[in-house]
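Asks: Can you keep this structure in mind? I'll have questions shortly.
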Amino acid sequence: MMNEEQIRQTYLLNRERGFKMLMDTFQEPIYNYIRRLVVSHEDAEDVLQEVFIRVFRNFEQFRSESSLSTWIYRIATNESLRLLNRRKGEKIVSSDEIHEELVGKLRASEYVDYENELAVKFQEAILSLPEKQRLVFNLRYYDELDYDQIERILETKAETLKVNYHYAKEKIKEYILNR
């Protein structure tokens, strides 16, 4: 995997080559992160495209106050939430209806091994979490980011993130045991 500083320097010297390096390094993990948030492959592809358009257009404004990956995850988070909020605004729906829609998309995709009912329940449990807990859980559990990185991505204090992660784990356990 490319060093983030190498990618940044290459990008500044040769925008096209640097962007290809950036895509080669971040496309798969960012797609997987987005997919866990929006569930649908088509939606994830659309959001991923928006993320990298924003990265390409705004790279010169990246100030290296955080890591490049943190910056890209932040953009991916914002774009994913923008899509989900736009969907909420398209029709008046309850959070239960949104949960059911996401679970339906999950069951209709090839994303989860359906032979393993526990895996399905686990994914459904994650989708049932409140938005903030779901974000923290995905970043910590799947992307294996530390709380300092998540703090910069979500602009939330580490202590609050730890509490959100703890509650998310408890709700997931409860969901799996009671369904």
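The values are calculated or read from the model by the stated rules, or taken from the named source; none is laboratory data. In this text the structure is predicted, and so the values were computed from the model without any measurement. Cβ atoms come from the backbone with ideal geometry, glycine included; neighbour counts cover every protein chain shown. Heads up: the accessible areas ignore ligands, DNA and RNA and are worked out on the full protein's heavy atoms, side chains in. Shrake-Rupley method; radii C 1.70, N 1.55, O 1.52, S 1.80 Å.
Asks: Mind listing whichever residues of region 127-140 are within 12 Å of the chain's Cα centre (by Cα), more than 17 Å from residue 69 (Cβ to Cβ) and open to solvent by 30 Å² or more (accessible area, probe 1.4 Å)?
Replies: Within region 127-140, 131, 132 meet the criteria.
Asks: When the residues of region 12-44 are narrowed to those that are charged (D, E, K, R) and out of contact with any Lys or Arg (no Cβ under 9 Å at 6 or more places or on another chain), which ends up least open to solvent (accessible area, probe 1.4 Å)?
Replies: Our first condition is that a residue be charged (D, E, K, R); within region 12-44, this holds for 15-17, 20, 24, 28, 35-36, 42-43.
This time we only want the ones that are out of contact with any Lys or Arg (no Cβ under 9 Å at 6 or more places or on another chain), so: 15-17, 20, 24, 28, 35, 42.
Numbers: 15: 96, 16: 152, 17: 145, 20: 119, 24: 109, 28: 133, 35: 10, 42: 117 Å².
Applying the filter and picking the extreme gives 35.
Asks: If residue 146 satisfies every condition in (1) open to solvent by 40 Å² or more (accessible area, probe 1.4 Å); (2) among the acidic types (Asp, Glu); (3) modelled with pLDDT under 90 but one, which is the exception?
Replies: Of (1) open to solvent by 40 Å² or more (accessible area, probe 1.4 Å); (2) among the acidic types (Asp, Glu); (3) modelled with pLDDT under 90, only one is false for residue 146: (3).
Asks: Counting only residues that are open to solvent by 20 Å² or more (accessible area, probe 1.4 Å) and modelled with pLDDT of 55 or more, how many does region 111-123 have? Working first, answer last.
Replies: To start, the set of residues in region 111-123 that are open to solvent by 20 Å² or more (accessible area, probe 1.4 Å) comprises 111, 113-119, 121-123.
Right, trim to modelled with pLDDT of 55 or more and you get 116-119, 121-123.
Result for region 111-123: 7.
Asks: Are any residues in region 161-174 in contact with a Lys or Arg (Cβ under 7 Å, 6 or more places away or on another chain) and of a type in the set (Ser, Thr, Tyr), and if so, which ones?
Replies: If the condition is that a residue be in contact with a Lys or Arg (Cβ under 7 Å, 6 or more places away or on another chain) and of a type in the set (Ser, Thr, Tyr), then 165 is the only one that fits.
Asks: Go through the residues of region 150-167 one by one and say whether even a single one is at pLDDT below 90 and either assigned to a loop (DSSP other than H, G, I, E, B) or closer than 25 Å to residue 64 by Cα (or both).
Replies: Our first condition is that a residue be at pLDDT below 90; within region 150-167, this holds for none.
No, region 150-167 contains no residue that is at pLDDT below 90 and either assigned to a loop (DSSP other than H, G, I, E, B) or closer than 25 Å to residue 64 by Cα (or both).
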